[in-house]
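Structure record follows, encoded as structure tokens.
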Amino acid sequence: MSYRQSPWSLTDLFPALDSPEFEAGFKSLEAQVAEFEKLRPELKSDLDVERFMEVVQLAEQNTKLAYRLYGYVSLAFAADTQDQAIQTQMARIQQFLAELENRSLFFSLWWKGLDETAARRYMDIAGDYRYYLEALRHFKPHTLSEPEEKVVNLKNVTGVGALNTLYDAMTNRYEFKLKVDGKVKKMTRGADPELRAKAYQELYRVYAADAPILGHIYQTLVRDWRNENLGLRHFANPVAARNLGNDIPDEAVQTLLEVCRRNAPLFQRYFRIKARILKLPRLRRYDLYAPVAKSEKAYAFDRAAEMVLDAYQAFHPDFAKLARRVFDEDHMDSEVRPGKQSGAFCAGIVPELTPWVKLNFQGKADDVATMAHELGHAIHGMLAEGHTAFTYQACLPLAETASTFGEMVLVDRLLAEEKDEAVRRDLLFRQVDDAYATIMRQAYFALFEQQAHQMVAENASVDEIAAAYLENLKEQFGDAVELSDEFRWEWVSIPHIFAVPFYVYAYAFGQLLVFSLYQQYQRQGEAFKPRYIKILAAGGAQAPAKILSEAGIDIRSQAFWQGGFDVLAALIERLEKLA
Ligand SMILES: [Zn+2]
């Protein structure tokens, strides 16, 4: 069976944007929500348990139809961002869904407000909905009254919302001018060391010029986070508010960050190897992501698909079978076309439909790895398809498990089969570069965020925060990397720490988890597979710590996280030998 690149088919959702079925979808959803609103007077603490389950199922049906409509329009948009009809529908669906959400809000507020005994009566019979209902109630001690919540929402639009829009508007119009020998050059992290240095210097020259304003925006966002989450909602510390959303215990996050910190020397070792390959006495921060590639091996699409499916087949035939569903049902759009959104994703819309995968496949080794990655997401979704619409999507810290694991399965197979040493070296370098960017870099961002939130509470200035950031980098790189002063402004260029405080540790969590799982796989072979499948098949139907503990993993233990670093250490040792 050979596969060709073609646009995906969305007919499993709707026949066309201008079809009667699509319009009927809007009408049905409107009618369903109107029916749902009529349930409001029934919501009392003595509501019959069976009636309660009917209410939850109605809420799920509304959610599913909303996902189908939104999924259809957003997938169409990803395939053609320039089409005006799609753009119009995109704005329409966003507005429509926001209104419907407000009209249904009464249910979750009632549910969170119930006392423990009443809630338990419903949860005991809730089956697969149980964790969804339980997780909503985690926020009970941190939820304000309905009018207060409304004021917070309203003020957020013109408060933190507006500040983040302002940050985006400012930083998106920055122009970076790179001139070499009087000629304007493209900004790049590419092969020329002088250009690399100049590109970073120009980047932070522009950010530093606005640092007083960007830093002030950051301080204000941090104060708002503290006022709301510590002052009004009584969270114990700034990270706790994020941890509860991820449903990860505070101690687990602290342990993860401590173990990362202890392993900083491991990546320093890697940077020394990289310096040797690039023939530099010491790696400069400018050279961190410099390509070492000697090989420019290209892969045809059908060959790439075959390699990825073979790798999954060798791991477990069910994985290959599920991945094939994406191809066979025409749910993959892999071509590069004008107007198509760049990058790659996998979108699971509702549990009963095969997820859709978007790639921009151009035949590079990276593109093959990305194919394995996105198909891993799809496999994860399909393994969990038995759950409800509320419980099948894995929560953030587990969301990258099957994707990253799938990439490792592929790379291992390629390493075993590849005869060309240069290609093998490139594969390994790429893997460790990625691991650095997702683990250590993000962990140190999270450590910086904790420090910065504390400093702002103690009225630190923007310059003082920047000095603390530079110290954070010095600890991370030790003497392995030469750090120039302009990197003190890097933090004002990271949108995540502005828009979603403490989001970044989830990246380190996910990647280290996969390394640890992979180590178990290497040690246990076949015996590991059923436990791994169980983790994936759980989807988002249980707390992440519970899903993992049933597979024998304790995310509060240092040893578990260290296991992830041990896998990395082995990779780095291989590189030391190849270099
Ligand atoms: Zn992913």
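The values are calculated or read from the model by the stated rules, or taken from the named source; none is laboratory data. What you see is a predicted model; the values in this text were computed from it and never measured. All Cβ positions, even for glycine, are placed from backbone atoms using ideal geometry, and neighbour counts span all protein chains on display.
Filtered by the rule that a residue be within 15 Å of the ligand (Cβ to nearest atom), charged (D, E, K, R) and in contact (Cβ under 8 Å) with a residue 60 or more places away in the chain, region 352-389 gives 358, 366, 367. When region 288-313 is filtered for residues that are farther than 18 Å from residue 576 by Cα and among the charged types (D, E, K, R), the ones remaining, listed by number, are 296, 297, 302, 303, 306, 310.
Quick one: would you say residue 416 is within 13 Å of the ligand (Cβ to nearest atom), surrounded by fewer than 21 Cβ atoms within 10 Å (Cβ to Cβ) and either of a type in the set (Ser, Thr, Tyr) or over 29 Å from residue 481 (Cα atoms) (or both)? Let's see the steps before the verdict.
Details: within 13 Å of the ligand (Cβ to nearest atom): no; surrounded by fewer than 21 Cβ atoms within 10 Å (Cβ to Cβ): yes; either of a type in the set (Ser, Thr, Tyr) or over 29 Å from residue 481 (Cα atoms) (or both): yes.
So residue 416 does not fit the description; no.
In region 273-292, the residue that is surrounded by the most Cβ atoms within 10 Å (Cβ to Cβ) out of those that are touching a residue at least 12 places away in the same chain (Cβ under 8 Å) and charged (D, E, K, R) is 274.
Taking residue 416 as the residue in question, decide whether it is closer than 29 Å to residue 564 by Cα and more than 21 Å from the chain's Cα centre (by Cα). Spelling it out, residue 416 is indeed closer than 29 Å to residue 564 by Cα and more than 21 Å from the chain's Cα centre (by Cα). Listed by position, the helices (runs of 4 or more DSSP H) inside region 165-263 whose residues that are of a type in the set (Phe, Trp, Tyr) number at least 3 are 193-209.
The set of residues from region 293-307 being touching a residue at least 40 places away in the same chain (Cβ under 8 Å) and either in a loop (DSSP other than H, G, I, E, B) or among the aromatic types (Phe, Trp, Tyr) (or both) comprises 293, 294, 295, 297, 298, 299, 300, 301.
Suppose the filter is outside any helix (DSSP H, G or I) and β-branched (Val, Ile, Thr); does residue 63 pass it?
No.
Per the conditions (1) without any contact (Cβ under 8 Å) to a residue 40 or more places away in the chain; (2) within 16 Å of the ligand (Cβ to nearest atom); (3) hydrophobic (A, V, I, L, M, F, W, C), the sole criterion not satisfied by residue 347 is (1). Just one residue in the set 226, 196, 233 is buried (at least 16 other Cβ atoms within 10 Å of the Cβ), over 22 Å from residue 469 (Cβ atoms) and among the basic types (Lys, Arg); that residue is 233.
Just to be sure, is residue 433 within 18 Å of residue 565 (Cα to Cα), away from the ligand (no atom under 15 Å from the Cβ) and either within 20 Å of the chain's Cα centre (by Cα) or at pLDDT 95 or above (or both)? Let's see the steps before the verdict.
Working: within 18 Å of residue 565 (Cα to Cα): yes; away from the ligand (no atom under 15 Å from the Cβ): yes; either within 20 Å of the chain's Cα centre (by Cα) or at pLDDT 95 or above (or both): yes.
Against the criterion (within 18 Å of residue 565 (Cα to Cα), away from the ligand (no atom under 15 Å from the Cβ) and either within 20 Å of the chain's Cα centre (by Cα) or at pLDDT 95 or above (or both)), residue 433 qualifies.
Taking region 334-344 as the range and being hydrophobic (A, V, I, L, M, F, W, C) and either within 16 Å of the ligand (Cβ to nearest atom) or farther than 13 Å from residue 7 by Cα (or both) as the test, only 344 passes.
Scan region 308-329 and give yes if some residue there is of a type in the set (Asp, Glu), outside any loop (DSSP other than H, G, I, E, B) and under 30 Å from residue 482 (Cβ atoms), otherwise no. Show your work before the answer.
We begin by selecting, within region 308-329, every residue of a type in the set (Asp, Glu); these are 310, 318, 328-329.
Among the residues that remain, those that are also outside any loop (DSSP other than H, G, I, E, B) are: 310, 318, 328.
Within this subset, residues satisfying the condition of being under 30 Å from residue 482 (Cβ atoms) are none.
No, region 308-329 contains no residue that is of a type in the set (Asp, Glu), outside any loop (DSSP other than H, G, I, E, B) and under 30 Å from residue 482 (Cβ atoms).
Working only within region 301-333, note down all residues that are within 16 Å of the ligand (Cβ to nearest atom) and under 19 Å from residue 78 (Cβ atoms). Passing the criteria: 326, 332. Find the residue count for region 51-78, including only residues that are closer than 24 Å to residue 132 by Cβ and either free of Cβ contacts under 8 Å to residues at least 24 places away in the same chain or among the small types (Gly, Ala, Ser) (or both). Looking only at that region, the number is 7. Tell me which residues, restricted to region 1-28, are hydrophobic (A, V, I, L, M, F, W, C) and in contact with an Asp or Glu (Cβ under 8 Å, 6 or more places away or on another chain). Selection gives 8, 14.
Residue under question is residue 85, and the condition is that it be closer than 21 Å to residue 20 by Cα, part of a helix (DSSP H, G or I), under 23 Å from the mean Cα position of the chain (by Cα) and at pLDDT 90 or above; does it hold?
No: the conditions fail for residue 85.
Restricting attention to region 360-407, the residues being hydrophobic (A, V, I, L, M, F, W, C), surrounded by fewer than 24 Cβ atoms within 10 Å (Cβ to Cβ) and over 16 Å from the mean Cα position of the chain (by Cα) number 7.
Within region 474-486, identify whether any single residue is part of a helix (DSSP H, G or I), surrounded by 20 or more Cβ atoms within 10 Å (Cβ to Cβ) and touching an Asp or Glu at 6+ places or on another chain (Cβ under 8 Å), and answer yes or no. No; the residues of region 474-486 include none that is part of a helix (DSSP H, G or I), surrounded by 20 or more Cβ atoms within 10 Å (Cβ to Cβ) and touching an Asp or Glu at 6+ places or on another chain (Cβ under 8 Å).
Looking across region 392-413 at every residue that is within 16 Å of residue 323 (Cα to Cα) and of a type in the set (Gly, Ala, Ser), the one that is nearest to the ligand (Cβ to nearest atom) is identified as 403.
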